[in-house]
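Just below is one structure, and these are the notes that go with it.
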Amino acid sequence: MPLKYHIPIKSVPSRFYPVPKNILLESEENCLHCARCVKELCPYDAYGQRYIDPISGFDTINNLCKDCFRCVQGCIQGTISKVPNPEYQDLGDSYWTPQIISTTWYQAETGRIPVSGAGYGGPFRGPGFDAIWTDMSEIVRPTRDGIHGREYISTTISLGRKPLFLSLDEQGQMAMPTFPRLELPLPVLLSQPMLATDKPAVRLAIIKAARVLGTVVLLPRDQLPGNWLDQALYLVPQYPARALDLDDPCLGQVQAVELDDYPEVTTAIERLKGRYPEVIVSIKLAADAGLASRCEVLAGAGAEVLHISADDHAQGQGAAQDQHLKDLIRQVHLHLVETALRDGVTLIASGGVALAEHVAKAIICGVDGVAVDLPLMIALECRLCHRCLQGQSCPVDLEHLDPERGAQRLINLMGAWNNQLLEVLGAMGIREVRRLRGEIGRAMFFEELERETFAPLFALGTGQESTERRDS
């Protein structure tokens with residue numbers, strides 16, 4: 001049995017104060033100056049550790065406070081109160097919510113799973129990935145039995161083409177060609193976010209993290225670092241349509257490349273494989289209308305990896321912009337299953353993968369792994385304010401990020417995600433993440449439940465239901 005995959009987690013405090021969810025308000029007007037102020041009874045000694053940052057003027061009480069409300073309830077004059085922080089509520093947008101951002105900050109700092117002790121606090125229905133409920137039937141005593149670390153659970157996936165059948169000659173030797181494969185110990189590839197295209201320090205931090213994690217980084221060819229040869233095993237250069245140069249020295253050093261899809265891409269694959277047969281070729285497809293049919297064509301033509309790319313809100317593009325990534329994944333997966341091509345190709349999805357649970361749910365829908373981008377920026381303390389895209393200065397100074405420090409925060413984030421993935425797999429009784437692919441029987445989809453429950457009722461004519469009940 002191979003050694004358990006281990007991610008080295010190490011606490012990395014934030015360079016800047018995280019935006020607190022609530023802020024504390026104090027009024028001295030009605031204070032009675034009690035002999036022993038209720039602030040002295042704080043179980044977390046938040047007031048004792050409190051100070052005002054001399055540079056930013058930030059009051060640390062808002063981050064030290066654990067929202068137990070003991071001081072608020074204990075002050076007999078009501079001079080202390082907690083109110084929602086408007087700056088926190090303005091973080092991100094409708095998809096990348098303040099809760100997702102603050103959760104990612106916590107995981108990047110500590111590497112821990114954010115557990116409140118009161119169970120799951122999220123929605124049991126909603127759009128997108130929130131409409132999927134995963135099976136947790138194997139947890140017997142969830143308050144006592146920790147899944148992680150108790151048994152060996154593999155999270156390894158393979159990138160590359162797979163033979164659809166096995167053929168042996170008379171001597172028992174393989175009578176069919178073998179294909180290059182790339183094993184990743186985690187079903188997550190790292191991808192440079194659009195917000196980091198002008199931030200070399202962020203790019204370097206992502207590459208360093210990939211090296212420790214044993215995964216790869218998807219990077220535009222023109223943005224590879226100057227020392228790319230030293231990092232070649234962890235880089236997957238991306239080439240725009242019709243921009244592939246077979247004389248590029250990078251092609252002879254990397255394990256995989258990615259090409260944007262275009263009508264003649266199969267010809268480019270043949271030329272590339274003819275000269276570099278050991279290089280794995282990934283095709284990046286926009287999640288647009290006709291995606292499933294296009295994947296069938298490419299898979300039938302010998303494509304090794306198909307990368308389905310949605311927008312940052314996990315929505316399709318173009319004519320498919322009203323469809324969620326999870327639905328597009330299911331369409332492609334089931335279509336390739338029906339055409340007997342699914343087991344011969346690797347499927348990767350990206351766009352809107354914001355939480356660890358999204359990784360498991362995307363795999364349930366049918367992909368082998370995911371590529372993440374924006375969560376990496378958030379882990380580096382990004383506020384998703386998009387000031388950088390407007391030519392304004394970054395509020396967390398990502399241009400001067402220490403790559404080593406940044407890499408460890410990314411490692412911490414992936415460590416927390418990996419632990420959550422292990423919890424999901426263990427709770428399902430699954431010991432290998434590859435077995436989770438397409439296992440829709442281990443999940444419930446809200447839209448399907450709603451349709452099965454209510455569609456028969458609305459299909460009845462007016463008064464028909466009551467008549468049938470009386471007849472029965």
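Rule-based calculations on the coordinates, nothing more; no lab input. Source: prediction; values computed, not measured. When we count neighbours, we look across all protein chains shown, and the Cβ atoms used for this are built from the backbone with ideal geometry, even at glycine.
Quick notes on this structure:
- Seen from all directions on average, the chain presents a Cα convex hull projection of 33.1 nm².
- Close amide H partners of residue 255, meaning residues 5 or more places away or on another chain with modelled amide H under 5 Å apart, are 235.
- Computed [θ] at 222 nm, deg cm²/dmol, the chain (DSSP H ≥ 4; -39,500 (n - 2.57); rounded to nearest 500): -9000 deg cm²/dmol
- Ranked by the mean number of other Cβ atoms within 10 Å of their residues, highest first, the peptides 90-98, 302-310, 233-241, 271-279 fall in the order 302-310, 233-241, 90-98, 271-279.
- Averaged over residues, the count of other Cβ atoms within 10 Å places the peptides 347-360, 243-256, 3-16, 432-445 in the sequence 347-360, 432-445, 243-256, 3-16, highest first.
- Based on alpha-carbon atoms, the Kirkwood radius and the radius of gyration of segment 331-472 give Rg/Rh equal to 1.18.
- Least to most buried among 27, 393, 158 (fewest other Cβ within 10 Å first): 393, 27, 158
- Segment 32-106 versus segment 339-416: alpha-carbon centroid distance in Å: 29
- Neighbour-count order for 386, 33, fewest beta carbons within 10 angstrom listed first: 33, 386
- Cross-link partners for residue 4 among the aspartates and glutamates, with Cα-Cα distance under 18 Å and sequence neighbours closer than 8 places in the same chain left out: 151, 183, 423, 432.
- The chain: antiparallel DSSP beta bridges as a percent of all, rounded to 5: 30
- Kirkwood radius for segment 22-89, taken over all pairs of different Cα atoms as the inverse mean of 1/r, rounds to 12.8 Å.
- Mean separation of Cα contacts under 8 Å (6+ apart) over length of segment 306-422, as relative contact order %: 24
- Inter-label distance, nm, simple model (7 Å from Cα along the C-beta direction), residue 246/residue 448: 4.6
- Centroid-to-centroid separation of segment 300-332 and segment 220-255 [C-alpha atoms, Å]: 25
- Using θ = phi - 60° and Karplus 6.51 cos²θ - 1.76 cosθ + 1.60, couplings along segment 36-47 (whole Hz; Gly, Pro as x): 10, 5, 4, 5, 6, 9, 4, x, 9, 6, 5, 6
- With contacts taken as Cα pairs under 8 Å and at least 6 residues apart, segment 22-89 reaches a relative contact order of 49 percent.
- Normalised by the number of residues in the chain, the average gap of Cα pairs under 8 Å and 6 or more apart makes the relative contact order 21 percent.
- Cβ crowding within 10 Å, taken as a proxy for footprinting-reagent exposure, orders 68, 394, 42 from fewest neighbours to most as 68, 394, 42.
- Distance violations [Cα-Cα > 21 Å] among 284/326; 39/66; 199/326; 199/273: 199/326; 199/273
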